[in-house]
Amino acid sequence: MTIAFEPEGKKIAVIRARWHSDIVDQCVQAFTSEWVKLGGKRNEIDIFDVPGALEIPLHAQTLIRTSRYAAVIGTAFVVDGGIYRHDFVASTVLDAMMRVSLDTGVPVLSTVLTPHNFQETRTQVAFFKKHFLKKGREAANATRQLLAERVKVAL
């Protein structure tokens, strides 16, 4: 038995980091398209911009505290900028996003990705744009499943 998500006035927040926005925006586009394809409505999604990945968890927590959001998705592309810190940034962001989810009981999903190697070449940019499209679709499906499961548990 499939139970559809009925937002009952609540929305989905998508928080996107603006570093490498041409790549990250593919995820947001795919998430929105897939959400609608799955039976949701475009107006159920609010999109928020933050400068970088590190700002996602606090913004997620702030949005959840408004009680307007049933789920939050954070998306960013964290790359090695020449100093070795991208792994730490990505790990910190994911840990904090999980903490927000556990502390609030609201699903916080991640499409924060950090490649092992990234060079801003046409080939690699194209590869990661395509990969973020896939991750956006996966995030929409995961969000739908999580929210439907929450409805089922509430029944």
Greater than 22 Å apart at Cα, pairs in LYS41/LYS130; LYS37/LYS134; LYS11/LYS130; LYS41/LYS129; LYS11/LYS129
LYS41/LYS130; LYS11/LYS130; LYS41/LYS129; LYS11/LYS129
Kindly provide the pair-distance distribution of region 36-83 built from C-alpha pairs, with 10 Å bins from 0 and whole-percent values in order of increasing distance.
20, 44, 27, 8, 1
Sorted on mean Cβ neighbours within 10 Å (highest first), peptides 42-49, 15-22 come out as 15-22, 42-49
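If Lys and Arg each add +1 and Asp and Glu each add -1, what is the summed charge of the other residues whose beta carbon sits under 10 Å from the beta carbon of ARG16?
-1
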Tell me the Rg and the Dmax, in Å, that the Cα atoms of region 11-154 produce.
14.8, 48
Each label sits 7 Å from Cα toward the beta-carbon; between VAL125 and LEU146 the label points are separated, in nm, by 3.1
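Quick note: the coordinates plus some simple rules give every number you see, no bench work behind them. Treat the numbers as computed from the prediction; the structure is a model and nothing was measured. FYI the Cβ positions are ideal-geometry reconstructions off the backbone, even for glycines, and counts take in every protein chain you see.
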